[in-house]
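The values are calculated or read from the model by the stated rules, or taken from the named source; none is laboratory data. Since this is a predicted model, take the numbers as computed values, not measurements. Cβ atoms come from the backbone with ideal geometry, glycine included; neighbour counts cover every protein chain shown. Side chains are part of the model used for accessible areas, which takes the heavy atoms of the whole protein and leaves out ligands, DNA and RNA. Shrake-Rupley method; radii C 1.70, N 1.55, O 1.52, S 1.80 Å.
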Amino acid sequence: MLLGVLFSGGKDSVYACRRAMETGTVSCLITVVSENPDSYMFHTPNVAWANLIAEAVGIPQLTWPTLGEEEEELADLSDAIAAAVDLYGIEGVVTGAIESVYQAVRVQRICRDLDLWCYNPLWQIDQLEYLRLLVSEGFEVIITGVFAYPLDEAWVGARIDSRLIGELEALRDRYAINPSGEGGEIETFVLDGPIFKKRIEILRAEKTYENYRGRFLIEEARLVDK
Amino acid sequence: MILVVDLCSSPGSLSKYEFVDPIAGILRRAGSIYEVVHFTDLSNDPIEGADRIILCGTALKDDLYARRIELFSWIKDLDKPLLGICAGMQVISRVFGGEIVPRPKIGLNGIDIVKETDLLGPPRRIEGYHLHNSGVTLPPGFEIVAGRPGEVEAFKHSERPIYGIIFHPEVRNRWIVERFVSIR
């Protein structure tokens, strides 16, 4: 089956893509670029760099703009998926949704209306087990956004490894933070992994941080041989 | 051992992560021993060796299970606890003489539990995650546990511990699977 993966460059869409590649053919990565930094549906930090990941994994990318206003962005997502059907012949859509019923329901409805299969291969996955899986399989994931107390400046740009997963586990127990950031606490970007033919090297980035809200904004990056 | 039956269209499908693994995860965290088998690979051994059986759901567009209903004839004489989730409930309904009917529903909705059972507890309203194109009619010998005749949310065989629920307990209602583990 030919599949299109809803793709932001964050760990969930990248790992969903990996699982999709194991059982089907991923024909394209669908990236909706939102002009609203607080989009309800779409991961925004560094999404402009998702094209580098597409190139690194060797899958065509379809980008689609949206103003990112609640509900209207769903029409834009539907248009993007319909375009992927026309251009790449996809028969199914893959998402990286884990717990978000809000996102999952909306994508399911769009797929039903377009008569497409819908797959959520990370659905309800144990978040700590998932983070350990990412690390053990060799994904290099950095934190590009923090949006919750008590995540301090040190988290911005940090790489997800065993030590950091241990800290996220402690924060989950004490502050009810979702370890994989499904509640919007953290956002990520993937630099390398087993599906990457090349890895991403960040040459320049800017960090911002204030009152438990921080971003790691990539300003210059390139692909390098592994 | 709990037998978890994968109803997705092919063994090892991408949908298995979404509809089977979350149920297996609940059982694993509850400390239960389980085995996952695809419905086209079922033989007498895992069925006879199981203490209880769960039939999992499938993706919206997946209806192969409904076209291979003869593979589930073993359910008719089953004398151990059985839980059918969404597609699994549809299978139970068909095997016992009910029908699978078009009744699409996607999202979180209120569910009225109307009869006390070991599985769902006393009558009250809960919220459940629905993801289906088809619902069921009540088969002979079953009673409605949640919902109403035109919209059966949960049913139970009147004499045996055979249950069906049309919503997905892996989303916000994991307690239902945990309760099923201890049903006699």
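Points to keep in mind about this one:
- Taken over the alpha carbons of the range A:1-136 as equal point scatterers, the Debye sum produces base-10 log I(q)/I(0) values at 0.12 Å⁻¹ of -0.41.
- A full extension of the chain between residue B:33 and residue B:178 corresponds to an added length of 50.9 nm, given 0.36 nm per residue minus the alpha carbon distance.
- Length released on extending from residue A:82 to residue A:213, taking residue separation times 0.36 nm less the Cα-Cα span: 43.6 nm
- Computed helical MRE - 222 nm, chain A, DSSP H runs ≥ 4 contributing -39500 (n - 2.57), nearest 500: -10500 deg cm²/dmol
- Among the chymotrypsin sites (Phe, Trp or Tyr not before Pro) found in the range B:1-36, not one is both in a DSSP coil and sparsely packed, with 11 or fewer other Cβ atoms within 10 Å of its Cβ.
- Counting Cβ atoms of other protein chains within 10 Å of each Cβ in A:144-156 and taking the mean gives 0.
- Close amide H contacts of residue B:4 (hydrogens built in the peptide plane, cut-off under 5 Å, sequence separation of 5 or more or a different chain): B:35, B:36, B:37, B:54.
- Close lysine pairs were tallied over the protein assembly as shown: pairs 8 or more places apart or on different chains with Cα atoms under 23 Å apart number 16.
- Backbone N within the range A:64-91 under 15 Å of label point (7 Å from residue A:2 Cα along the Cβ vector): A:81-91
- The protein assembly as shown - percent of accessible surface contributed by carbon and sulfur, probe 1.4 Å: 45
- Calculated FRET efficiency, residue A:63 to residue B:143, Cβ-Cβ distance, R0 = 41 Å: about 0.15 to the nearest 0.05.
- Amide N of the range A:200-224 lying under 13 Å from the label point, which is placed 7 angstrom from the Cα of residue A:149 along Cα→Cβ: A:211-213
- The range B:2-181: radius of gyration over Cα atoms, expressed as a fraction of 2.2 N^0.38 Å: 0.92
- Heavy-atom accessible area per residue - chain A, 1.4 Å, Å²: 42
- Spin-label pair residue B:115/residue A:170, simplified geometry with 7 Å Cα→Cβ offset, distance in nm: 5.2
- Cβ-based charge dipole, the protein assembly as shown, positive-most Cα from B:182, A:9, B:114: B:182
- In nm, spacing of pseudo-spin labels at residue A:102 and residue B:66 (7 Å Cα→C-beta vector): 3.2
- Take B:38-51, B:149-162, A:88-101 and order them by the average number of nearby Cβ atoms within 10 Å per residue, most first; the result is A:88-101, B:149-162, B:38-51.
- Helix A:162-175 vs. chain A, principal-axis angle (Cα, 0 to 90°, nearest 10): 90
- Buried between B and A is an accessible area of approximately 2100 Å², summed over both sides with a 1.4 Å probe.
- From helices alone, chain B scores -5500 deg cm²/dmol at 222 nm; the rule is -39500 (n - 2.57) for each run of n ≥ 4 DSSP H residues, then divide by the residue total.
- Number of partner chain Cβ atoms within 10 Å, mean per residue of A:100-110: 3
- Highest to lowest packing among A:76-86, A:205-215, scored as the average C-beta count within 10 Å: A:76-86, A:205-215
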